[in-house]
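Data first, discussion second: the structure below is written as structure tokens.
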Amino acid sequence: MKSQKFWAWLIFVLGAAYFIIPLAATFEFSLRMRRGEYSFDAYASVFADPYFASSFAYSVIVGLFTIVVGILVVVPAVYFVRLRMPWLRPFMEFVTLLPLVIPALVLVYGYIRLYGSSSFIPFTGSVLGTDILLTCAYVTLALPYMYRAVDNGMRTIDIGTLTEAAQIAGANQLQIIGQIILPNILVAILSGAFLTFAIVIGEFTIASLLNRPAFGPYLVGIGTNRAYEPAALAIISFIITWGAMGMINVLGRFAPRTSARTD
Amino acid sequence: MRPVRRLHTIRSVTMTDIAAPPKPPRRIPWDSLAVLPFVIFAVMFLFLPTFSLIGGAFTDRAGNFTFENIAGLFTDQILAAYWISIRISGASAILGALIGLAITLAIIRGKLPQGLRSAVMTFSGVASNFAGVPLAFAFIATLGRLGLVTIIIRTLFDFDIYRQGGFNLFSFWGLTLTYLYFQIPLMVLTIAPAIDGLKKEWNEAAQTLGANTWQFWRYIGFPILWPSVLGTLSLLFANAFGAIATAWALTGSNLNIVTVLLYNQIRGDALQNPGLGAALALGMIVITSLANVIYLVVAARAERWMK
Amino acid sequence: MAAFLEVQNLVKSFGTNTVVKGVNFAFEKGEFISLLGPSGCGKTTILRMIAGFERPTSGAIRVDGDEITHLKPNQRKLGMVFQAYALFPNLTVGDNIAFGLKIAGMPADQRRARVEEMLRLIGLPGFEKRFPYEMSGGQQQRVALARAIAPKPRLLLLDEPLSALDAKIRVSLREEIRAIQQDLGITTVFVTHDQEEAMSISDRIVVMNAGNLDQMGSPHEIYNRPSTRFVATFVGQLNTLPEASFGPNRAIRPELISLAPRPETDTTLTGTISDVGFLGSVVRLRVDVSGTPINIDTFNSHATTPPQRGDTVTLHLAAKDVLTLGA
């Protein structure tokens with residue numbers, strides 16, 4: 001009994017060391033820009049860089065569009081498949097697993113070949129088209145997470161019974177989705193949204209191969225040219241990720257619980 | 001649903017010819033329409049690109065069928081790239097799974113304070129998404145030539161991990177160590193529900209039947225967890241195999257892994273051989289799919305006892 | 001005969017909360033003992049201390065003269081059946097039953113023979129190759145019983161083994177458990193909150209209340225001579241008699257009151273029927289005796305129709321049947 005607790009603590013402490021030391025080291029490194037003393041010069045330098053603001057803003061906007069498109073693609077599909085077309089479920093499970101199996105690099109290569117400027121849908125022929133393609137690529141990338149979040153949300157609230165109850169009360173299809181289902185799975189959707197945001201914000205591969213001025217490629221550029229700014233950017237990125245995940249955690253406390261759960 | 005509806009239409013058409021009753025009102029098939037965007041998305045951004053690459057891998061510049069692109073993969077450089085990618089992915093997946101399993105067992109079954117568990121789970125959510133470029137920066141600041149840990153070890157123990165230890169962050173072990181930063185948390189997140197699913201009574205039943213802790217894990221606990229561990233392992237493998245941003249930011253094109261190779265191939269597409277790029281991509285799909293197929297086959301054998 | 005299972009001054013506290021407050025009992029080999037009480041009375045904690053999953057704060061537990069209080073659960077040679085079956089889902093029925101034998105190092109051919117014997121005993125011959133998920137709850141619980149008794153434990157512990165099952169299966173399985181127990185002569189401790197269950201299969205019952213042992217005795221003793229108010233009200237139905245005519249704290253079982261005089265009856269009460277409940281073999285009348293509700297159980301008979309609501313009736317009872325309830 002006692003030795004079990006000892007091993008548990010030992011594993012925990014070693015694990016914690018592995019995860020905390022790089023963060024601490026990075027933070028320490030980011031403060032070393034000024035010789036002989038700690039300063040936030042690296043951060044000041046990052047924030048003063050106009051490319052930081054512009055690339056970050058670009059990634060945020062693409063992230064927001066990704067979230068909206070992702071919700072529009074996933075929510076109705078999950079709802080109707082759960083409700084009326086359960087035979088489509090294996091197909092959805094398969095599709096939403098694919099982005100975890102096929103590397104993003106491979107997918108984007110496929111996009112470039114398929115949707116090049118001389119193809120039948122020349123996404124990459126224009127800037128707007130490339131932005132749309134980038135957004136769609138991110139929706140695909142985030143599909144497994146968005147799908148799982150929404151699917152879990154719908155499972156907990158038992159949409160079948162809710163829909164029937166709403167129909168008996170005289171609601172039409174649009175009212176059911178808008179006024180009954182959406183508010184109840186809002187927390188699940190938002191969890192998916194923040195996860196999507198965390199994935200999109202620093203994404204490098206797709207943005208760089210589509211030549212878009214996103215945050216990820218900007219980071220790589222800084223990494224090759226500067227010494228201390230990358231460390232500052234790593235800390236900033238970590239805080240952004242933490243913020244997105246923290247929001248999911250906070251939201252989780254407001255999630256509706258199944259009637260079966262008593263806690 | 002669909003056959004019934006079709007039958008209905010056919011009948012109403014024939015009846016119109018005979019007696020001309022009022023046509024039944026056409027109902028808009030909302031449910032199919034709602035699923036349509038998802039299906040279109042899957043086709044446009046998952047199926048077509050994949051098929052296009054598979055097709056491209058067997059097509060020469062003139063559009064004829066060929067095995068030359070596939071044959072082109074069998075050069076020392078490309079095979080070495082695949083091999084080092086497989087080794088890094090395998091090592092980081094196996095180590096990540098083992099360490100992640102140990103950490104999850106420690107926080108869930110090791111009688112550690114309750115608060116620790118939610119803290120670890122939240123942190124895992126963050127760390128599993130803290131990949132790519134910033135992660136590379138963090139490890140350069142930690143274990144790079146001027147990294148804090150490198151310097152501390154040199155100052156305290158008078159030991160240079162680069163010169164005397166033979167360590168290099170831009171190598172196989174360096175990259176594996178870095179990948180573990182997102183692999184371990186991913187394991188923790190995916191395996192925790194499975195460990196929660198191990199009922200306390202199974203352990204108690206085994207104990208009353210004379211089993212010690214080791215025997216419980218040997219015969220009951222681990223066999224029950226095995227399919228989940230295996231599933232996560234294949235997920236971790238694919239996760240590392242497709243990763244490029246971390247490696248790119250860490251090593252530039254120093255380390256010859258297959259994603260970096262393909263990345264360079266895509267960038268220089270106009271000059272180089274697009275068929276070879278497609279073949280490279282196909283090879284990657286085959287390897288990650290293979291990891292999944294192995295998982296499915298082994299899991300199906302291990303899961304006979306599941307519903 | 002010396003006591004086979006002995007519990008001495010057993011105390012268990014979780015922090016400041018004492019859930020078992022100094023319990024003593026001793027039972028003989030082969031007895032079927034029920035620990036009966038409402039949830040939170042400490043009965044499950046006692047069972048878990050006997051099994052070794054909880055460490056007593058103080059006190060001793062002895063089995064067959066051996067002190068086992070501080071042994072690990074896997075050294076106690078006990079069998080246990082859990083409420084939620086707790087069969088190992090990854091093992092077949094045969095491997096589940098053989099698990100304890102395998103741990104004990106029994107050779108494979110002997111294990112097979114013992115598994116077969118056990119499956120016959122529980123009426124599931126030929127089920128070796130099934131997995132738990134392929135069986136009903138009742139079947140799973142029988143396999144759990146077989147798994148527990150296969151290694152011939154000194155003591156069989158049953159932790160509310162019937163409460164997850166349907167009403168019908170609950171009754172048939174409890175009879176089966178009792179039959180197997182008597183067949184093997186294995187000393188058994190059965191935890192339940194269901195007084196009917198406890199009375200129908202036990203040799204002796206321990207009634208627990210808020211961490212204390214309130215009464216210990218045969219079902220007949222517990223029912224007919226409850227020693228505390230708690231036991232009297234927890235076990236069976238009870239009517240509190242009007243204080244004006246009987247004095248304080250007097251009560252009687254519903255089946256000991258009749259509408260017609262019997263040789264032993266010597267007291268009468270008059271009241272109005274306020275409710276008639278037809279329960280099949282028994283008809284339960286609720287009679288309002290000047291403001292005090294009294295329940296009467298009479299046997300159904302198809303010759304006579306039951307009395308109607310509003311009828312005025314005379315109740316007959318014997319003074320010797322009246323219980324005096326303590327505090």
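How shielded is B:138-151 by partner chains, expressed as the average number of their Cβ atoms within 10 Å of its Cβ atoms? Please report the intermediate quantities before stating the final value.
Numbers: counts 16, 4, 9, 17, 9, 3, 2, 0, 3, 6, 10, 4, 1, 2.
For this peptide, the per-residue mean of nearby foreign Cβ atoms is 6.
May I ask you to derive the relative contact order of the range B:166-307, considering only C-alpha pairs under 8 Å and at least 6 residues apart, and to give it as an integer percent?
Once divided by the residue count of the range B:166-307, the mean separation gives 28 percent.
Against the longest alpha carbon principal axis of chain B, how many degrees, from 0 to 90 and to the nearest 10, is the axis of helix B:258-267 turned?
60 degrees
Per 0.36 nm of contour for each residue apart, how much would the distance between C:R225 and C:T18 grow if the chain were fully extended, relative to their Cα-Cα spacing?
Result: 71.7 nm gained on full extension.
Quick one: order C:D194, C:D95 by neighbouring beta-carbon count within 10 Å, fewest to most. List each step's numbers first, then the result.
Values: C:D194 15, C:D95 18.
Ordered by Cβ neighbours within 10 Å, fewest first: C:D194, C:D95.
Output the relative contact order of the range A:174-262, whole-number percent, from Cα pairs under 8 angstrom with separation of 6+ residues.
Once normalised by length, the contact order is 38 percent.
Given that compact globular proteins tend to follow 2.2 N^0.38 Å, what is the ratio of the alpha-carbon Rg of the range C:112-240 to that value?
Dividing the Cα radius of gyration by 2.2 N^0.38 Å gives 1.20.
Could you list A:L72, C:L145, A:L174 in order of exposure, starting from the residue whose Cβ has the fewest other Cβ atoms within 10 Å?
Lowest to highest Cβ neighbour count: A:L174, A:L72, C:L145.
Compute the Rg/Rh shape ratio of chain C: radius of gyration over Kirkwood radius, all on alpha-carbon atoms.
Taking Rh as the inverse mean 1/r over Cα pairs, Rg/Rh reads 1.06.
Distance from a point 7 Å along Cα→Cβ of C:T270 to each backbone N in the range C:299-322: keep the residues under 11 Å and list them by number.
Backbone N within reach: C:312-315.
Between C:K152 and C:S39, what is the FRET efficiency for a Förster distance of 30 Å, r being their Cβ-Cβ separation, to the nearest 0.05? Before the final figure, lay out each step's value.
Values: r = 32 Å, r/R0 = 1.07.
The value I calculate is 0.40.
For chain A, rounded, prolate or oblate, judged on the Cα gyration tensor with a ≥ b ≥ c (square roots of eigenvalues), a/c < 1.5 rounded, else prolate if a/b > b/c?
Judged from the Cα gyration tensor, chain A comes out oblate (a/c at least 1.5, b/c at or above a/b).
If you only keep lysine pairs separated by 8 or more in sequence, or across chains, how many in chain C come under 12 Å at the Cα atoms? Each step should come with its number before you reach the end.
Details: C:K12/C:K21; C:K12/C:K43; C:K21/C:K43; C:K77/C:K152.
Going through chain C pair by pair, I get 4.
Round to the nearest 0.05 the FRET efficiency obtained for A:L186 and A:T161 when R0 = 25 Å and r is the Cβ-Cβ distance.
Plugging the Cβ-Cβ distance into 1/(1 + (r/R0)^6) gives 0.85.
Once you put a point 7 Å from the Cα of B:V43 and another 7 Å from the Cα of B:N212, both along the Cβ direction, what distance in nm separates them?
According to this spin-label approximation, the distance is 6.3 nm.
For the peptides B:103-111, A:241-249, what is the packing order when you average, over each peptide's residues, the other Cβ atoms within 10 Å and list the highest mean first? Before the final figure, lay out the partial values.
Values: B:103-111: 21.8, A:241-249: 18.7.
Result, highest mean Cβ count within 10 Å first: B:103-111, A:241-249.
Any chance you could list the semi-axes, whole Å, largest first, of the equivalent ellipsoid that the Cα gyration tensor gives for the range C:217-276, using √(5λ)?
22, 14, 13
How far apart, in nm, are the 7 Å Cα→Cβ label points at C:R120 and B:A62?
Using points 7 Å along Cα→Cβ, the separation is 8.1 nm.
Using only the Cα atoms of the range B:148-267, build the gyration tensor, take square roots of its eigenvalues as a ≥ b ≥ c, and label the shape rounded, prolate or oblate: rounded if a/c is under 1.5, else prolate if a/b is larger than b/c, else oblate.
Numbers: a/c = 3.84, a/b = 1.75, b/c = 2.19.
Because a/c hits 1.5 or more and a/b fails to exceed b/c, the range B:148-267 counts as oblate.
What list of whole percents do you get for P(r) of the protein assembly as shown, with Cα-Cα distances grouped in 10 Å bins up to the one holding the largest distance?
Pairs per bin, as whole percents: 2, 9, 15, 17, 16, 14, 12, 8, 5, 2, 1, 0.
Please label the shape of the range A:45-110 as rounded, prolate or oblate, based on the square roots a ≥ b ≥ c of the eigenvalues of the alpha-carbon gyration tensor (a/c under 1.5 means rounded; beyond that, a/b larger than b/c means prolate, else oblate).
Judged from the Cα gyration tensor, the range A:45-110 comes out oblate (a/c at least 1.5, b/c at or above a/b).
At what distance in nm do the modelled label points of C:D66 and A:L72 sit from each other, each positioned 7 Å from its Cα along Cα→Cβ?
7.3 nm
Let me see the pair-distance distribution of the range C:6-99: every alpha carbon pair, 5 Å bin width, integer percents in order.
3, 11, 20, 23, 18, 13, 8, 4, 1
Ignoring everything except DSSP H segments at least 4 long, calculate the 222 nm mean residue ellipticity for chain A; use -39,500 (n - 2.57) per segment, divide by total residues, nearest 500.
-25000 deg cm²/dmol
Most fluctuating residue of A:L133, A:L88, A:L186 in a GNM of chain A with Cα springs under 10 Å: which is it?
Answer for the Gaussian network model of chain A: A:L88.
Fewest Cβ neighbours within 10 Å first, please rank B:F67, A:F120 accordingly.
Values: B:F67 11, A:F120 6.
Result, fewest neighbours first: A:F120, B:F67.
Could you tell me what fraction of 2.2 N^0.38 Å the Cα radius of gyration of the range B:75-302 comes to, as a two-decimal ratio?
1.19
Return an integer: the convex hull volume of the alpha-carbon atoms of the range C:138-191, in Å³ per residue.
For the range C:138-191, the hull spanned by Cα atoms encloses 68 Å³ per residue.
When ranked by the protection proxy of mean other Cβ atoms within 10 Å per residue, highest first, what sequence do the peptides A:100-107, A:27-34, A:38-45 form?
Result, highest mean first: A:100-107, A:27-34, A:38-45.
Working from the alpha-carbon coordinates of the range A:163-256, get Rg over Rh, Rh being the Kirkwood radius.
Rg divided by Rh gives 1.23.
If you take each beta carbon of peptide B:105-112 and count the beta carbons of other chains within 10 angstrom, what is the mean?
Averaged over the peptide's residues, the number is 5.
Given Cα positions, please report Rg to Rh for the range B:78-179, the hydrodynamic radius being the Kirkwood one.
1.05
What's the percent breakdown of Cα-Cα distances in the range A:8-76 across 5 Å bins, shortest bin first?
3, 13, 10, 11, 11, 13, 13, 13, 9, 2, 1, 0
Would you mind giving the three semi-axes, in whole Å and largest first, of the ellipsoid equivalent to the range C:241-324 according to its Cα gyration tensor?
Whole-Å semi-axes of the equivalent ellipsoid: 21, 14, 11.
Tell me, what is the percent relative contact order of the range C:5-232, built from C-alpha pairs under 8 Å that lie six or more residues apart? Walk me through the numbers on the way to the answer.
On the way: 438 pairs, mean separation 64.8, N = 228.
Once divided by the residue count of the range C:5-232, the mean separation gives 28 percent.
Every number in this text was worked out from the coordinates using simple rules, so none of it is lab data. Remember, it's a predicted structure, so these values are computed and weren't measured experimentally. Cβ atoms come from the backbone with ideal geometry, glycine included; neighbour counts cover every protein chain shown.
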